[in-house]
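Read the figures in this text as sums done on the coordinates, not as results from a lab. The structure displayed is predicted, hence computed values, not measured ones. Note that we place each Cβ from the backbone using ideal geometry, even for glycine, and neighbour counts take in every protein chain shown.
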Amino acid sequence: MQQQLTDMEAMMWALESNPNLASTMGSLMILERPPDPEWVHAAWSKAVAAVPRLRLRVEGSSLGLGSAHWILDTTFDLGHHVRYLRLPARASYQDLADTAVQWINDPFDRSRPLWECLILSGLPGGKGALISKLHHSIADGLGALEMAGEIYDFGEVGPKPKPRDINQVIAELIAEEKVAAVTTKSNDSGDSDDHHEPGGRNILGRVGSVASLLADRHRITAAGNDAVNAARAVANQFPGLGGHSGSPLWAERSRNRRLEWLEIPLDQLKTAARTRGVRLNDIFVAASAEGVLRYHDEFAVQLPEISSTVVVSTRRDGDDPTVNAFTPASIPLPGHGVGTEERVAYINSEIQLRRDALRSHRDLLGSVSGLAAALPSNLTASLTLDQARRVDLATSNVPGPPLPVFFGGQLIQRWIPVGPVSGTALNVTLLSYNDMCFVGMHIDPSAVAETKLFKNCLRAGFGDLGVRARIR
């Protein structure tokens with residue numbers, strides 16, 4: 001049976017009428033050795049059979065003024081979603097990073113399920129790699145980690161999984177849907193009302209029928225104003241900052257991307273947080289802010305305020321772990337003229353206030369997102385992109401597995417997150433794994449031209465807080 005996208009999922013789907021607002025999550029994993037292809041095939045076939053979102057595609061308008069649904073991909077092809085590549089001779093880790101960022105930013109085939117992975121060999125030292133990408137409408141970072149339980153082995157290498165026959169799985173699901181459709185039709189005793197979908201996805205449902213709307217010019221004006229105001233509300237939520245103009249040094253935007261990363265012992269971040277009585281995420285955001293300011297120092301540019309967004313989880317106990325439960329919170333950070341410790345204290349207080357407020361009003365946020373998804377997508381996308389261009393720094397923190405993880409029988413040695421840039425200057429995402437933290441910098445080089453310099457500045461920013469980050 002068809003399953004309607006949630007309001008947030010529908011909004012992210014609609015926004016991608018503009019490719020600059022792509023909400024693709026990615027990761028780069030470096031493995032001890034290339035994985036066993038048979039093991040990989042078996043693991044992914046098992047996951048597709050177990051996790052519905054991996055075999056569903058989106059059907060419906062991405063142009064707004066309508067709803068979109070998850071439906072079964074009846075022609076699902078695992079070979080499209082799991083691919084292999086051997087890097088050229090003498091390939092470096094920079095070549096790997098360039099391959100990862102290009103592949104992650106290639107648009108999805110929107111007629112298929114919105115996930116793919118690329119398995120690489122030919123790395124220095126005989127290592128392997130796994131690059132994965134997942135559209136944010138499928139799951140948030142925590143939801144993606146829940147899905148990982150069907151694909152990876154945690155703690156130690158388990159037995160090789162038994163492959164599932166995907167064609168048989170799809171055929172059985174098609175048969176079940178046909179039976180369910182017949183049952184639903186026979187039990188349908190009332191007229192449907194297509195203008196009253198949940199979440200406010202049809203803007204006409206807010207102002208009455210088409211005929212009554214057209215008969216009243218004042219209501220036409222009001223409906224148009226409602227549409228624009230709703231789009232502005234969502235643009236300010238995701239991920240705008242009102243009237244703040246952002247850094248003059250980072251004003252340009254493009255669809256080009258670069259990937260850099262740092263590696264940090266987890267216990268150092270925990271110690272830095274514990275000694276200050278704050279959260280680990282506060283240290284991460286503060287270090288990112290220090291990195292931004294140090295970069296601007298190199299060009300003698302004073303930045304009184306850093307326009308930033310911080311991803312806040314709105315997940316509650318009992319929520320479906322595979323469904324999105326997050327929102328970007330717009331938090332301008334103190335810039336030059338404010339001391340490091342004062343900035344940490346401000347971040348700790350402000351993020352807690354935003355987290356409490358957003359969790360308290362989660363249903364309202366969903367309604368606003370649903371209304372935006374019902375609008376013409378070019379309107380919502382234009383306003384959202386205008387706001388995103390004002391954002392200097394987008395950050396996200398994903399708690400990862402606290403123990404070793406294996407894929408295809410091979411140990412994952414490094415797990416580098418690649419968060420969506422979505423029109424901002426750069427996204428910095430921290431993912432904890434085993435006893436390390438990996439900080440991925442997904443950068444628009446038209447904004448942050450000296451990407452290696454920024455990596456060094458971010459490393460120094462962690463150093464300002466007593467945390468020693470390593471550069472690979």
**Asked** How would you rank 174, 166, 131, going from fewest to most other Cβ atoms within 10 Å of each one's own Cβ?
**Response** 174, 166, 131
**Shape call, the range 45-122: gyration tensor on alpha carbons, a/c limit 1.5** = oblate
**Message:** I need 41, 336 ordered by Cβ neighbour count within 10 Å, fewest first.
**Reply:** 336, 41
**Message:** Using only the alpha-carbon atoms of the range 3-169 as identical scatterers, what base-10 log of I(q)/I(0) does the Debye formula give at q = 0.19 Å⁻¹?
**Reply:** -1.31
**Request:** Please go through the residue pairs 127/160; 133/270; 127/270; 46/270 and name each one whose alpha carbons sit more than 25 Å apart in this structure.
**Result:** 133/270; 127/270; 46/270
**Request:** Fewest Cβ neighbours within 10 Å first, please rank 435, 153 accordingly.
**Result:** 435, 153
**Request:** Write down the percent of antiparallel bridges among all DSSP beta bridges whose residues are both part of the range 3-169, to the nearest 5.
**Result:** 80
